[in-house]
Amino acid sequence: MKLSREEVQHIALLARLGLTETELERLREQLSNILENFQILQQVDTTDVPPTAQSIPLQNVTKDDKVAPSLPADDVLANAPQRDGEFFRVKAVLE
Amino acid sequence: MIGYQLTIHQAHNLLKTRQLSSLELTRACLERIRQVEPKVHALVTVTDELALRQAEKADRLIAQGDVHPLTGVPVVIKDNMCTKGVRTTCSSRMLANFVPPYEATVVEKLNERGAVIVGKANMDEFAMGSSTEHSAFFTTQNPWDLSRVPGGSSGGSAVAVAADEAIYALGSDTGGSIRQPAGFCSVTGLKPTYGRVSRYGLVAFASSLDQIGPLTKDVTDCAIVLNSIAGYDSRDSTSVPYPTPDYTQCLTTDIKGLRIGVPKEYFVAGMQAEVEQALRAAINKLEELGANVEFEVSLPHTPHALAVYYIIAPSEASANLARYDGVKYGFSYQDTDNMWEALEKTKQFGFGDEVKRRIMLGTYALSAGYYDAYYLKAQKVRTLIRREFDQAFEKYDAVVTPTSPTVPFKIGEKMEDPLQMYLSDVFTIPVNIAGLPAITIPAGFADGLPIGMQLIGKPFGEEAILRIAYAYEQATEWHKRKPEI
């Protein structure tokens, strides 16, 4: 099973990951190879086996709705690539 | 013995009785870092100033009689745990300049006990890798042979301990990232049960698998560090509200009557002959010490674990790493006015090859049309793997396996073939899938290269594996060997 160029491009678009031509070709090879290896799972009979999402016996952990102090805005914004006063500055979403 | 060679418990005894000050010990470690770091490259950041400040504070605490086993003892933290005011890079271009505004819970806990942080350890980018070769900055060298990898992803942490740059280290383990490098560097490494240690402030890779744990010079130190970092944390809803025992209390050399299983699926083709010989010898030693060792254990889904892991971990990673959008923190591509282009280029230039590969793999496994065949299927086989372990632990107190199928491999050897690299985690991965605790301890050498033994325990059964590891360690000398750097 070999992935097509279009499939790799489609996955990259879903992930919003930019790739060069070389990267795209290499990933096509490598992912095809890895996915083929994963076919081993199809041999396992999983009829009536429930999926496991995590391994601990906890479910629906809730917290009290309590007001607590949060980090100062300056601390939160300190790593912002583009800052505008109290805001993160982003590129225009709507033209 | 020179200060930096001390274990935690040795250093503690000297600090407590004022035969050694934290400042002296810290300076010894910082000097050692200056000596060996140009050869091993274990640290992304050396935190001299912070360390000296913390050491002075520790000495004041000790003078007041306020001494915890970790007070004044130098530690290295893997660079994926947030340290307030100290850059935390995940060895990625994406976070090369990220300075966290808060502490990870484990770091907070160490600081409350007067710890001295001397550096942040190199790793595979975002903890994805088995050799540190996927660090965006540099590759860490194995102190036992500088032409070989130290293992990964916590390779910097393992080397910092093996090369005596610090007295102990913290690492994180998603598929073997504490145990495999600990085995490759001949140090002790523990992955606690999933939920035992808070993940708050640990940069997320695969949230259902990640767990923080200690890398130390012996088993006693491992128990001491676990005592300090284990426990419920309201900021991590997957940490469990169970009581935490004093793990040093279980360290006895008496393991008579303990039942240890050796699963046959872990002794298969592909394992290096010297590794198998060393493990057989270690297993004989456990029998000599009085354990009941049985070879009838079967974990038949072991050969499927690798595929399960490399579907589940990248799937979770692809969701977790979607946050690196160049808006709130981290690298940000600015050379465009187009939002989508900025997003795509931020990831393109911010992430390295292995991270991109896993994002792609995970996105594929979660995408429409493939979800059932890959992600859901992997989750179902995950159930079967856990059930197998549960059955084994009805009969056994622990399961023993090699940590890795080979001794440390050459730098560059597996970089062109991702699948070969993934295979180096084949013995450590099932533990994360099932959420179990496991410890790796030194169990021999082949031509001067370390071999590790892994002991796997039942959920929240850290005490049994620490006890067996301690008994073995006290009956052997492997952990006392030091590399010549």
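All of the numbers you see were taken from the coordinates with simple rules; none came from a lab. From a predicted model like this one, the values you see are computed outputs, not experimental measurements. Counting neighbours? That spans all protein chains shown, and the Cβs are built from the backbone with ideal geometry, glycine included.
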* Which of B:C82, B:C222, B:C29, B:C250 has the fewest Cβ neighbours within 10 Å, and the rest in rising order -> B:C250, B:C82, B:C29, B:C222
* Find how much the distance from B:Q35 to B:D48 grows on full extension, using 0.36 nm per residue of separation minus their present alpha carbon separation; answer in nm with one decimal. => 3.3 nm
* Asked: Rg/Rh for region B:107-154: what does it come to with C-alpha atoms and Rh from Kirkwood?
  -> 1.12
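At 0.36 nm per residue, and after removing the present C-alpha to C-alpha distance, how many nm does the segment from A:A80 to A:L14 gain when stretched out fully?
The A:A80-A:L14 span can extend by a further 21.3 nm.
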* Roughly how many debye, to the nearest 20, is the charge dipole of the protein assembly as shown about its Cα centre, given +1 on each Lys and Arg Cβ, -1 on each Asp and Glu Cβ, and no other charges? -> 620 debye
* Structure fact -> With the charge dipole of chain B built from beta-carbon charges (+1 for Lys and Arg, -1 for Asp and Glu) about the Cα centre, the Cα from B:P69, B:T193, B:M339 projecting farthest to the positive end belongs to B:P69
* Asked: Hey, got a sec? Which GluC sites (Glu not before Pro) in region B:295-399 land in a DSSP loop and have at most 16 other Cβ atoms within 10 Å?
  -> B:E296
* Net dipole in debye of chain B [+1 Lys, Arg Cβ; -1 Asp, Glu Cβ; about Cα centre; nearest 20] -> 460 debye
* Using the Karplus equation 6.51 cos²θ - 1.76 cosθ + 1.60 (θ = phi - 60°), what ³J(HN,Hα) coupling, rounded to whole Hz, does each residue of region B:14-26 give in order, writing x for Gly and Pro? -> 6, 5, 4, 8, 6, 7, 8, 9, 4, 4, 5, 5, 5
* Give B:K39/B:K120; B:K217/B:K256; A:K91/B:K328; B:K84/B:K109; B:K57/B:K109; B:K356/B:K414 a once-over and call out the pairs whose C-alpha atoms are over 20 Å from each other. => B:K217/B:K256
* To do: Enter the Cα centre distance for the pair region B:341-360 and region A:26-71, rounded to the nearest angstrom.
  => 21 Å
* Hey, can you grab everything whose amide H is under 5 Å from the amide H of A:R83? Only 5+ residues off in sequence or another chain; H modelled, so Pro and N-termini drop out. => A:R89
* To do: Summarise the partner chain shielding of B:303-311 as one whole number: the mean count of Cβ atoms from other chains within 10 Å of each residue's Cβ.
  => 4
* Where nothing but the Cβ of Lys and Arg (+1) and of Asp and Glu (-1) is charged, how large is the charge dipole of region B:206-343 around its Cα centre, in debye to the nearest 20? -> 280 debye
* For chain A: relative contact order, % (alpha-carbon pairs under 8 angstrom, 6 or more apart) -> 19 percent
* **Within region B:24-63: backbone nitrogen closer than 14 Å to the B:R18 label point (7 Å, Cα to C-beta)** => B:59-63
* Each residue of region B:35-41 in turn: what ³J(HN,Hα) in whole Hz from Karplus with 6.51, -1.76, 1.60 and θ = phi - 60°, glycine and Pro shown as x? -> 6, 9, 4, x, 9, 9, 6
* What value, in deg cm²/dmol to 500, does the helix sum -39500 (n - 2.57) over DSSP H runs of n ≥ 4 give at 222 nm once divided by the residues of chain B? -> -12000 deg cm²/dmol
* **Euclidean distance between Cα centres, region B:248-284 to region B:148-203, Å** => 21 Å
* Structure fact -> In terms of the alpha carbon gyration tensor, root eigenvalues a ≥ b ≥ c, rounded if a/c is under 1.5 and otherwise prolate when a/b exceeds b/c or oblate, chain A is oblate
* Take the alpha carbon gyration tensor of the protein assembly as shown, find the square roots of its eigenvalues, order them as a ≥ b ≥ c, and report rounded if a/c is under 1.5; if not, report prolate when a/b exceeds b/c, else oblate. => oblate
* Asked: Given chain B, what percent of its DSSP beta bridges are antiparallel, to the nearest 5?
  -> 70 percent
* Structure fact -> Note on region B:1-145: contact order normalised by length, alpha-carbon pairs under 8 Å, 6 or more apart, percent, works out to 27 percent
* How many nm separate the modelled label positions at B:F138 and A:I40, each set 7 Å beyond the Cα in the direction of the Cβ? -> 3.6 nm
* To do: Before anything else, pin down the relative contact order of chain B: Cα pairs under 8 Å, at least 6 apart, normalised by residue count, whole percent.
  => 17 percent
* Going 7 Å from the Cα of B:A281 in the Cα-to-Cβ direction, what parts of region B:130-152 have a backbone nitrogen less than 19 Å from that spot? -> B:144-145
* Asked: What is the distance, in nm, between label points placed 7 Å from the Cα along the Cα-to-Cβ direction at B:T336 and at B:E112?
  -> 4.6 nm
* At a Cα cut-off below 18 Å, give the aspartates and glutamates reachable from B:K16, other chains included and same-chain residues fewer than 8 away excluded. => B:E24, B:E56, B:D59, B:D66, B:E112, B:D221
* Asked: In sequence order, what are the phi-derived ³J(HN,Hα) couplings for region B:412-417 according to the Karplus relation 6.51 cos²θ - 1.76 cosθ + 1.60 with θ = phi - 60°, rounded to whole Hz, with x for glycine and proline?
  -> x, 4, 10, 6, 8, 10
* Asked: How many angstrom separate the Cα center of region B:226-247 from the Cα center of region B:406-485?
  -> 24 Å
